[in-house]
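The values are calculated or read from the model by the stated rules, or taken from the named source; none is laboratory data. Predicted, not measured: the structure shown is a model, and the values here were computed from it. Cβ placement follows ideal geometry from the backbone for every residue including glycine, while neighbour counts extend to all protein chains displayed.
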Amino acid sequence: MVNTAYALNSYTQSTVLGGSPIEMIIMLYDGAIEYLNKAATGITMKNLQVKLKYLDRAMAIIQELDRSLSMDAGGEMAVNLHDLYTHMMMELLLANIKNDGEKVMHVCGLMKNLREGWIEARDKV
């Protein structure tokens, strides 16, 4: 019998290693969106551990997306993305302090919009 966790890990590794850079970016957005939804649920349920766990994971993804920007090659788009990622991080910090699920969902909506843009870019290639 195949261990489900092992199979999922193998699939994820092969997808990441075999995927294009745009596919990996989309996967990061998918992860952040999932974690933001879970963090918002944690806030609604007044579950501090869930809120903190998933806000931390979402913020780590946003930080990684920000760090991966090439300001020289990306020009104005990279600067705009950096500013948006900075805004998202500030919103999530405030959401954490104030237990504000609406701020989390605001950031989630921004991530969904960006994800759609990357999907469009992928489909044009």
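Note on the range 62-76: residues that are part of a helix (DSSP H, G or I) and farther than 13 Å from M88 by Cβ total 7.
Within the range 77-105, the set of residues being of a type in the set (D, E, K, R), surrounded by fewer than 16 Cβ atoms within 10 Å (Cβ to Cβ) and within 23 Å of L48 (Cα to Cα) comprises K98, E102.
When the residues of the range 60-76 are filtered to those that are surrounded by fewer than 17 Cβ atoms within 10 Å (Cβ to Cβ), among the hydrophobic types (A, V, I, L, M, F, W, C) and modelled with pLDDT of 95 or more, which remaining residue is farthest from M27 (Cα to Cα)? Checked the range 60-76; the qualifying residue farthest from M27 (Cα to Cα) is L69.
Kindly check whether there is at least one residue in the range 86-96 that is assigned to a helix (DSSP H, G or I), among the hydroxyl-bearing types (S, T, Y) and touching a helix residue (DSSP H, G or I) at 6+ places or on another chain (Cβ under 6 Å). Checking the range 86-96: not a single residue is assigned to a helix (DSSP H, G or I), among the hydroxyl-bearing types (S, T, Y) and touching a helix residue (DSSP H, G or I) at 6+ places or on another chain (Cβ under 6 Å). For the range 98-108, indicate whether the set of residues that are part of a helix (DSSP H, G or I) and of a type in the set (S, T, N, Q) is non-empty. No, every residue in the range 98-108 fails to be part of a helix (DSSP H, G or I) and of a type in the set (S, T, N, Q). Confirm whether K38 is part of a helix (DSSP H, G or I), crowded, with 16+ Cβ neighbours inside 10 Å and at pLDDT 95 or above. Taking the combined requirement at face value, the residue satisfies it. Residues in the range 55-92 that are free of Cβ contacts under 8 Å to residues at least 12 places away in the same chain and closer than 13 Å to A39 by Cα: D56 alone. Starting from residues that are of a type in the set (A, V, I, L, M) and closer than 14 Å to Y85 by Cβ, keep the ones in the range 106-125 and report whichever is surrounded by the fewest Cβ atoms within 10 Å (Cβ to Cβ). Only one residue fits best here, namely L110.
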